[in-house]
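To keep things clear, I will list the structure first and then write my remarks on it.
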Amino acid sequence: DEILERVKEEHELGEISFKTWIKPLRVHRVDGNDVTILVPTEQVGLDYVSKKYKLPIKAAIGELTGKDCEIYFVLPQDADKEIKEKQIKNESILAGLNPRYTFDTFVVGSNNKFAHAASLAVAESPGKIYNPLFLYGGVGLGKTHLMNSIAHFILENHPGIRIVYVTSEEFTNEVIDAIRNGSNTAINKFREKYRNIDVLLIDDIQFIIGKESTQEEFFHTFNALHGAGKQIIISSDRPPKDMDILEDRIRSRFEWGLMADIQMPDYETRMAILRKKQEIDGTSVDDDVLEYIASNVKSNIRELEGSLNKVIAFSNLEQKEIDIELAQKALRDIISPDEPKVITADYIINVVAEHFNITGDDIRSNIRARKYSYPRQIVMFLCRQMTTNNLQQIAEAICVQNHTTIMHGIKKIEQDYASNKETHDTIDLLKKKINPPS
Ligand code: ADP
Ligand code: MG
């Protein structure tokens, strides 16, 4: 409005002229220094405005914003077409994305919080902070889910931005097709597709290793985009340094930006993922069954979700309520019943140390700070309950001289267990971690 007022003043426009030609103008799009203005009239009106007011508007914008712009005018029907084209383009990107894989459905745990934060930061400010973003982690730990989340977020929050999301297999196939076709147009078309974008996401980059022409093409794409400040996001099942036969020049580029790894989820995160999945699917399975699954399926989230699906499907098939027994039956191929496990003091020390984010040596030390003494006493208590060790043996396992210290520690936790909810819950959780229900 300020710009339009300025045009009016400087050209001493009468009220009618102003109302007819200038006041209805709206900014349709700003793309760098290109400003497209919507003229809500007919072609003649557009021609007239364009002829008479283009320079005054350009000057007014320059005065008010300090920017030297190119001005374009567009009619509503053409603007609509442009928006539609953009929508179609977004739809074709969306077609390659999984609608379920968004930040909303991604459970953040200690195993992935860094990768999650980095992904969100890049999605909010593509090309501005970490470039490239390199996400890595084992199979089924959430890389594709995060990559998709970034793409969805950008599509929603930065509508004008051009994104391409591909797996490295798709990328490879496109390179091969372009080369096989042999014509310059095929190769140029490929390059045009990958170099005229703002964000490139390549999933599972490890598959381009050893494919020379793909690596070559990727290298040039990477340089062109990176040099132009465009965002690149890559996922891989391993860090660059472990990609043995990857060319050094590519490896070093992966390490330019930010690398974030995704680890295996801990028990709490596995439970949270199962609960989230229930919420999304609208199912409700008892906690003890979820606990059974979460404590036995540890290394792969796809398998964790698959296990829950399998239990639900099995219950429909058998027309039986879901309980532990049914879950065991449904999952007998996935969860092999362990040989009876002997719980040792050392094992308890490890589980408790991990839970409190300290080391086994901290437990075995005589540092008195509560950060260590409390977990140490919990170890004493759990050893007494869960192993056949006597006090002397427990003292030896924790490297404590005197077994009255052990007695004292056990008593302390016994009292806490009865009176303090936090200790109560911690002990129950640790017991489940040490000896999963089976
Ligand atoms: P990757 O690409 O690393 O092999 P995916 O992204 O395909 O793994 O994840 C496997 C499955 O686990 C997907 O269904 C995904 O939605 C789910 N998943 C992984 N991590 C999480 C998480 N943190 N929260 C919710 N679901 C997750
Ligand atoms: Mg994947």
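The values are calculated or read from the model by the stated rules, or taken from the named source; none is laboratory data. Since this is a predicted model, take the numbers as computed values, not measurements. Cβ placement follows ideal geometry from the backbone for every residue including glycine, while neighbour counts extend to all protein chains displayed. SASA here: full protein model, heavy atoms, side chains in, ligands and nucleic acids out. Shrake-Rupley method; radii C 1.70, N 1.55, O 1.52, S 1.80 Å.
A few notes on this one:
- Candidate set: region 284-313, residues that are closer than 24 Å to D104 by Cβ and within 16 Å of ligand 2 (Cβ to nearest atom); chosen: the one most open to solvent (accessible area, probe 1.4 Å): R302
- Selected residue (criterion: nearest to K431 (Cα to Cα)) from residues of region 355-399 that are part of a helix (DSSP H, G or I) and of a type in the set (F, W, Y): F381
- Residue check, F134 in a helix (DSSP H, G or I) and away from ligand 2 (no atom under 13 Å from the Cβ): no
- Elements of type helices (runs of 4 or more DSSP H) in region 1-119, at least 1 residues being closer than 30 Å to V166 by Cβ: 76-95
- Long-range neighbours under 6 Å by Cβ, at least six apart or interchain, first residue under 15 Å from Q393 (Cα atoms) within region 406-417, second open to solvent by 60 Å² or more (accessible area, probe 1.4 Å): I410/R384
- Strands (runs of 3 or more DSSP E) completely within region 192-283 that count 3 or more residues being in contact with an Asp or Glu (Cβ under 7 Å, 6 or more places away or on another chain) and within 16 Å of ligand 2 (Cβ to nearest atom): none
- In the set R384, R368, only one residue is exposed (fewer than 12 other Cβ atoms within 10 Å of the Cβ) and either hydroxyl-bearing (S, T, Y) or more than 37 Å from the chain's Cα centre (by Cα) (or both); that residue is R368.
- Lone unmet requirement of (1) more than 16 Å from ligand 2 (Cβ to nearest atom); (2) open to solvent by 40 Å² or more (accessible area, probe 1.4 Å) for I93: (2)
- From S336, S315, S295, residue being among the polar types (S, T, N, Q), part of a helix (DSSP H, G or I), more than 26 Å from the chain's Cα centre (by Cα) and more than 30 Å from P132 (Cα to Cα): S315
- Hits in region 186-195 - residues which are touching a Leu at 6+ places or on another chain (Cβ under 8 Å) and open to solvent by 10 Å² or more (accessible area, probe 1.4 Å): R195
- Only one of A353, A327 that is within 16 Å of S295 (Cβ to Cβ), open to solvent by less than 20 Å² (accessible area, probe 1.4 Å) and under 34 Å from the mean Cα position of the chain (by Cα): A327
- Enumeration of residues in region 120-141 that are within 13 Å of ligand 1 (Cβ to nearest atom) and open to solvent by less than 20 Å² (accessible area, probe 1.4 Å): L135, G137, G140, L141
- Entry remark, region 161-180: residues being in a loop (DSSP other than H, G, I, E, B) and either within 13 Å of ligand 1 (Cβ to nearest atom) or open to solvent by less than 50 Å² (accessible area, probe 1.4 Å) (or both) number 1 in total.
- Answer residue from region 137-161, given it is among the hydrophobic types (A, V, I, L, M, F, W, C) and touching a Pro at 6+ places or on another chain (Cβ under 9 Å) and is farthest from ligand 2 (Cβ to nearest atom) among those: I161
- Search result, residues across region 196-238 that are open to solvent by 20 Å² or more (accessible area, probe 1.4 Å), at negative phi and under 16 Å from the mean Cα position of the chain (by Cα): D237
- Test: residue in region 169-184 that is within 16 Å of ligand 2 (Cβ to nearest atom), hydrophobic (A, V, I, L, M, F, W, C) and under 16 Å from the mean Cα position of the chain (by Cα): no
- If you check H152, H158 for being within 16 Å of ligand 1 (Cβ to nearest atom) and either more than 28 Å from V108 (Cβ to Cβ) or in contact (Cβ under 8 Å) with a residue 12 or more places away in the chain (or both), only one passes: H152.
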